[in-house]
Each structure stands twice: as C-alpha cells, then as structure tokens.
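Report on the structure given below.
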Amino acid sequence: MAIKVLYFAKLRELRGRSEEELQIEPGTTLQQLYQQLFPPGPEGAIPVAYTRNRRVSQGAEAIEDGDEISFLPPLGGG
Amino acid sequence: MTARVIELTDAPIDIDRVRSAVNDDGFGAILIFEGVGRNHFEGRPVVALEYEAYADMAVPEMARIADEVEQKWQGKLSMIHRTGRVEIGEPSVVIAVGTPHRGACYEASRYAIDELKKRVPVWKKEVYADGSAWKANAPA
C-alpha cells in the first residue's frame, strides 16, 4: 500500500529529502516503519513522536493505505 | 474586532500586526513576547538560527494554544513564528496577549510560549562559524 512520509530537521538531513511516497506492507506499525527507515546508529535511535495524518499517535498503531506519516524529533520552536 | 493572527512566515515578523490583532477596548493589559536569536550557546558563538516547521500540524496547534488562552484567561492571543534563517537579535517568534487585567496577562503570555515550545512542531538549528546543530528545547 502507498503512503506519504514527511521528514523534518535531523531526519530530513539523514534521509536527504523532505518527503516521499513509499510502498509498505499492510499491518506495518509506525514504530516498525521508523526502525526500517532509520536503523539505530552507534549513538542509538533519535527519539521521536509518531504522527499519523497530522495527529500524534502511538508507535504500535498500524499504518493504513494513503496515510501521511511523520516522525518528529525533539522540538525546538520558540 | 480584528481577526486573530496565527501564522508561520519566512519573512521578518510584523510585530505591529501581531499586536493590533489583540486590541480590545475591554482589555487593561497587553504583553508582547519576543523570542530572539541569541548569539551564544554554552559559550559557543552562534551566528544565525534556522527554523523549520511541520506547517500543517504547527498552525492548528498554535491555534489551539490561542483557544486555551481565550478560555482560561478571557484574553486574546496572536502569534507568528519564523521559518528559515533568523539573524541574531531578530525575533523568531512574537506572541501578543491581551486580557482584562495584568495578572492574567503575564500568566497567559508565559503559558503560551511554554506550550509552544512543548507542543508545536518547529525545529531550530544553531549555525556556528564552523558547523551547526539541531537544538531541542529544554523543559520550562
């Protein structure tokens, strides 16, 4: 199934793009997708909040066809 | 009645516009908070800041904070946050709050910037003479 993933800040730099369309297996969770896209390096994984369709969501939530997904690294606004 | 201003912009912030949006003859206090680009972090010189936002989430979250201020303190709130490069001394965010009395105004202004830092998906990169780093907000 097809989804859209948005990347910000450090994750955008690591991925080398700000968004992309991806094909994923049905039943994939937010946390699983994050681990696939950003395998932990020597310093461990970057902590993120998961979002699905612009709402903060639990990592165990399953992604659905057409979803807009993002992973929010620690915020720095203000 | 002026309309609430809740925006992201990659241009310098028009502070008068943020201020005007909270005008109300029933208010006895208006505070303007500016978050400003600072030239150092832990002793290291900072030459500029770069902000980016998840606009489709950030603007609605900023509007929710304004709703909360209106309900809790019977006030009005407007705010504009920068994206892109922000020079030292330039505001990265401007928040105007108006309330009937001054006590509520100080509380509401503090609440708004603290909640923005916790909840609004915006990221800041500090640019140094010899590199750069993404900086997360410290707890209030």
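The values are calculated or read from the model by the stated rules, or taken from the named source; none is laboratory data. Not measured: the values here are computed from a predicted model. Because the Cβ atoms are built from the backbone with ideal geometry, glycine has one as well, and the counts that use them run over all protein chains shown.
Across segment B:30-55, the qualifying residues are those that are over 18 Å from the mean Cα position of the chain (by Cα) and hydrophobic (A, V, I, L, M, F, W, C), and the one among them that is modelled with the lowest pLDDT is B:41. Looking at the structure I just gave you, is residue B:5 over 26 Å from residue B:100 (Cα atoms), surrounded by 12 or more Cβ atoms within 10 Å (Cβ to Cβ) and touching a strand residue (DSSP E or B) at 6+ places or on another chain (Cβ under 7 Å)? Criteria not met by residue B:5. Tell me yes or no: at least one residue of segment B:52-70 is part of a strand (DSSP E or B), surrounded by 14 or more Cβ atoms within 10 Å (Cβ to Cβ) and touching a residue at least 24 places away in the same chain (Cβ under 8 Å). For segment B:52-70, residues part of a strand (DSSP E or B), surrounded by 14 or more Cβ atoms within 10 Å (Cβ to Cβ) and touching a residue at least 24 places away in the same chain (Cβ under 8 Å): present. In this structure, residue B:44 does satisfy being basic (Lys, Arg), touching a residue at least 60 places away in the same chain (Cβ under 8 Å) and surrounded by fewer than 20 Cβ atoms within 10 Å (Cβ to Cβ). Taking the numbered list (1) in contact with a strand residue (DSSP E or B) (Cβ under 7 Å, 6 or more places away or on another chain); (2) surrounded by fewer than 16 Cβ atoms within 10 Å (Cβ to Cβ); (3) farther than 24 Å from residue B:121 by Cα in turn, residue B:25 passes all entries but (1). Listed by position, the strands (runs of 3 or more DSSP E) contained in segment A:1-57 that have at least 2 residues being surrounded by 13 or more Cβ atoms within 10 Å (Cβ to Cβ) and within 14 Å of another protein chain (Cβ to nearest Cβ) are A:2-6, A:49-52, A:55-57. For segment B:98-131, which residues satisfy the criterion of being within 10 Å of chain A (Cβ to nearest Cβ) and either among the hydroxyl-bearing types (Ser, Thr, Tyr) or part of a strand (DSSP E or B) (or both)? B:122, B:123, B:124, B:125, B:126, listed by residue number. For segment B:81-97, a residue qualifies if it is more than 13 Å from chain A (Cβ to nearest Cβ) and either touching a Ser or Thr at 6+ places or on another chain (Cβ under 6 Å) or buried (at least 23 other Cβ atoms within 10 Å of the Cβ) (or both), and the qualifying residues are B:96, B:97.
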